[in-house]
1. Consider E235 carefully, then state whether it is in the same structural domain as L273 (by TED's automatic domain parsing), closer than 14 Å to M266 by Cβ and not small (G, A, S).
2. Does at least one position in the range 372-382 carry a residue that is surrounded by fewer than 19 Cβ atoms within 10 Å (Cβ to Cβ), modelled with pLDDT under 75, touching an Asp or Glu at 6+ places or on another chain (Cβ under 8 Å) and hydrophobic (A, V, I, L, M, F, W, C)?
3. Would you check if there is a residue in the range 41-52 being in contact with a helix residue (DSSP H, G or I) (Cβ under 8 Å, 6 or more places away or on another chain), among the aromatic types (F, W, Y), at pLDDT below 95 and under 30 Å from T141 (Cβ atoms)?
4. Can you find a residue in the range 411-430 that is modelled with pLDDT of 70 or more, out of contact with any Phe, Trp or Tyr (no Cβ under 6 Å at 6 or more places or on another chain) and β-branched (V, I, T)?
5. Given the residues V246, V210, V259, which is the only one that is of a type in the set (V, I, T), without any contact (Cβ under 8 Å) to a residue 60 or more places away in the chain and at negative phi?
6. Looking at the range 11-25, I want the residues that are farther than 17 Å from L273 by Cα and have a partner that is in a helix (DSSP H, G or I) and of a type outside the set (A, V, I, L, M) with Cβ atoms under 7 Å, at least 6 apart or on another chain. Which pairs are those?
7. Would a scan of the range 186-195 turn up a residue that is touching a strand residue (DSSP E or B) at 6+ places or on another chain (Cβ under 6 Å), modelled with pLDDT of 75 or more, of a type in the set (K, R) and assigned by TED's automatic domain parsing to the domain that holds F70?
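The values are calculated or read from the model by the stated rules, or taken from the named source; none is laboratory data. Nothing here was measured: the structure is a model prediction, and the numbers come from that model. Cβ sites come from the backbone with ideal geometry, for glycine too, and all protein chains shown count toward neighbours.
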Amino acid sequence: MVAFNEQFRHFLVPSKDDIQQAFSSGLVVLDTNVLFSAYRYTSEASEQLLTVIEKMRDRVWIPHQVGLEFYRNRVNVVSDLRNGYSSLLAHVNQTSAKVTKELQERVNELFKRVSLSEEERSLLTSSLNSAFDPLLEAIETLRKKHAQAGSLDDDPILRRIETMLEGRIGAPFGADTEAHMAEAARRIENSVPPGFRDAEKVEPYGDYFVWAQTLSRAKEINARDLLFITGDEKEDWYRQVNRKNVSARPELSAEAREVAGCSLVMMNVGDFLKNARRYLDATVSEETIRQAEIHATEIGTMFHYPSQIQRLDEAEADLGHRLANARARFFEARNRVAVTNRKYADAREREVGLKELMSSGEAHDADMLRHLAHEAEHALDAREIAHAQFRESQVEVNSLELQLDQLRMLATLARSASEATWRDAAAQALFLNGHDDSLTHLEVLRQALANVHRT
């Protein structure tokens, strides 16, 4: 008698036993983006990823399509990673010069309106000139951490991958290539996984080729379990619940069992590293897992076009609200400056007036003079506090106005872009940005969108 769930096993999420079995003895297939992760991670994280793969070398295998995509795109990936840092540094320097010039003009206006000591002027000017230094230093630090790839013709990561995968790559399709291309086109037209989300690509059949060659290999070696590792988080590979990937799509699990007679376990690089630590006793730090998870989340979120538009709308509304509050604080601070200026001037006038009367012998009230001096000193303290608050509020308003301008430019480009254009821009932005989901990141994405529009 057939068990109740036997005909529906492809709908089940792999259990811990299934995952352990796949890690212990399954065929391990790496997608192209897994190999490129070795370039995108810091040197420590890259080392740990490659070491984990080497632990499984006897069972690791890549389809011919993965090898083709890796060698075809490696130069671009390495160049984009380097150029991304150079581009970001250039943009920060450009923005710094622009912002510094604009704020310096505002500071000069302040100098004309408010009496400041030379020390106060110097402090304000030096703080302004060095405002971007921490960001520039952080970018340089990250660039050094990602510098392990070497030159394009002397690449230690490439040599290590080539050694690791020697004899572990499949052959290309032969006479049946056209038939496979026709099958890829059929799947795209009918939204059959994998690859139907790549319909607008110049070569939309890549994902299907990877999958077909993987199943052929699993069938050839009679694999019982197939562990497929991919950083492609799109819904034509994964079953998603509340926009969270929970397992391979049931259609793919069913096809793996039908064509190759094997159970399918699919996961991203972050989960791969976590489970390698658990089942292979591999050395994988929390920082390495964090990098893998952030990279996967970033790709998944950025490739989800409608949610990005919604995020932009929400960010613009939030930033507009923050700017309105900052402007209100600015006007309040400006009013306090005017009030404290008058109070200090009045206090000083009364103190000076009494001193003049006492020096001429018309008044002899020393206690009153001390009181007025104390009152003037108190008014001066209040005036300095008001001026400091005014300067802080002015800087805050200028910063928020700049950020809102950047965000609005991005929103304008995003709303005019197709979903495919957005995905291309998001892929570019991954190289230009670290792992920060901030307005700086949005500005980098805006640049990438502009680049894609131009091309």
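1. Judged against the criteria, E235 is a match.
2. Looking for residues that are surrounded by fewer than 19 Cβ atoms within 10 Å (Cβ to Cβ), modelled with pLDDT under 75, touching an Asp or Glu at 6+ places or on another chain (Cβ under 8 Å) and hydrophobic (A, V, I, L, M, F, W, C), one finds none in the range 372-382, hence no.
3. Among the residues of the range 41-52, at least one is in contact with a helix residue (DSSP H, G or I) (Cβ under 8 Å, 6 or more places away or on another chain), among the aromatic types (F, W, Y), at pLDDT below 95 and under 30 Å from T141 (Cβ atoms), which makes the answer yes.
4. Within the range 411-430, not a single residue is modelled with pLDDT of 70 or more, out of contact with any Phe, Trp or Tyr (no Cβ under 6 Å at 6 or more places or on another chain) and β-branched (V, I, T).
5. After applying the criteria, what remains is V259.
6. F11/P250
7. Checking the range 186-195: not a single residue is touching a strand residue (DSSP E or B) at 6+ places or on another chain (Cβ under 6 Å), modelled with pLDDT of 75 or more, of a type in the set (K, R) and assigned by TED's automatic domain parsing to the domain that holds F70.
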